[in-house]
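Visitor: Mind looking over this structure? Questions follow.
The values are calculated or read from the model by the stated rules, or taken from the named source; none is laboratory data. Predicted model, so just to flag it, every value in this text is computed and none were measured. Glycine also receives a Cβ, built like all others from the backbone with ideal geometry; neighbour counts cover every protein chain displayed. Side chains included, ligands, DNA and RNA excluded: accessible areas come from the protein's heavy atoms. Shrake-Rupley method; radii C 1.70, N 1.55, O 1.52, S 1.80 Å.
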Amino acid sequence: QLQDLVLQEGKIQYQENTEFPEGVVFDQQPAPGNSFSPGASIDFKVSLGTGAQNKRFPKLVGLSLNEAKKKMSALKILNIKYEFEKNESLLPGTVIKQFPDKGTPVLEINEVLITVSK
């Protein structure tokens, strides 16, 4: 819809919200009904649903890469970078290192870096 109206996506802020399910836009700035110039940016607030603030990043070290991906997918973490490192004492595809650390609040995570044995 933004493209049809010649508008730009502005900042997207994710917040826990008890009224709207996860993924639903529940606010925008400027508000609906205002006049916009072509190319204007619209900022959005998107619901995380409830309970998001209590989710913590799990320990991934020692898991297979597939198991680690499943855990991150369940937390809806999408910005993931992978590094591969030779390690003859582990099976290939085993997570060796992770950033952020276990226990980091998921809402504070911008990017995940996983080091995997090859």
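Visitor: With respect to S37, is the statement that it is over 30 Å from F20 (Cα atoms), loosely packed, with under 11 Cβ neighbours inside 10 Å and of a type in the set (S, T, N, Q) true?
Guide: no
Visitor: I've got another one for you. If we only count strands (runs of 3 or more DSSP E) wholly inside the range 77-118, which ones have 2 or more residues that are open to solvent by 80 Å² or more (accessible area, probe 1.4 Å)?
Guide: Of the strands (runs of 3 or more DSSP E) lying wholly inside the range 77-118, those with at least 2 residues that are open to solvent by 80 Å² or more (accessible area, probe 1.4 Å) span 80-85, 95-99.
Visitor: Within the range 36-53, is even one residue touching a residue at least 40 places away in the same chain (Cβ under 8 Å), under 18 Å from T104 (Cβ atoms) and not small (G, A, S)?
Guide: Residues of the range 36-53 that are touching a residue at least 40 places away in the same chain (Cβ under 8 Å), as a first pass: 42, 48, 52-53.
Those still in the list that are under 18 Å from T104 (Cβ atoms) too: 48, 52-53.
Keeping just the survivors that are not small (G, A, S) gives 48, 53.
Yes, because at least one residue in the range 36-53 is touching a residue at least 40 places away in the same chain (Cβ under 8 Å), under 18 Å from T104 (Cβ atoms) and not small (G, A, S).
Visitor: Identify all residues within the range 60-76 that are closer than 12 Å to V116 by Cα and assigned to a loop (DSSP other than H, G, I, E, B); write none if there are none.
Guide: L60, V61, G62, L63
Visitor: Name the residue, out of A74, A40, A31, that is under 13 Å from the mean Cα position of the chain (by Cα) and closer than 28 Å to E9 by Cα.
Guide: A74
Visitor: A further question follows. Applying the selection to the range 54-103, what residues are touching a Phe, Trp or Tyr at 6+ places or on another chain (Cβ under 9 Å) and of a type in the set (A, V, I, L, M, F, W, C)?
Guide: The answer is L65, M72, L75, I77.
Visitor: Moving to a separate point now. Tell me the residue from L60, L65 that is modelled with pLDDT of 90 or more and out of contact with any helix residue (DSSP H, G or I) (no Cβ under 9 Å at 6 or more places or on another chain), please. Quick ask: steps written out before the conclusion?
Guide: Details: L60 fails: out of contact with any helix residue (DSSP H, G or I) (no Cβ under 9 Å at 6 or more places or on another chain).
Every option except L65 fails the conditions.
Visitor: May I ask you to list the residues in the range 1-31 that are open to solvent by 100 Å² or more (accessible area, probe 1.4 Å) and either in contact with a Cys (Cβ under 7 Å, 6 or more places away or on another chain) or in a loop (DSSP other than H, G, I, E, B) (or both)?
Guide: Q1, Q3, D4, L5, T18, E19
Visitor: A follow-up question, please. Among the residues of the range 57-65, is any open to solvent by 70 Å² or more (accessible area, probe 1.4 Å), in contact (Cβ under 8 Å) with a residue 24 or more places away in the chain and over 30 Å from L91 (Cα atoms)?
Guide: no
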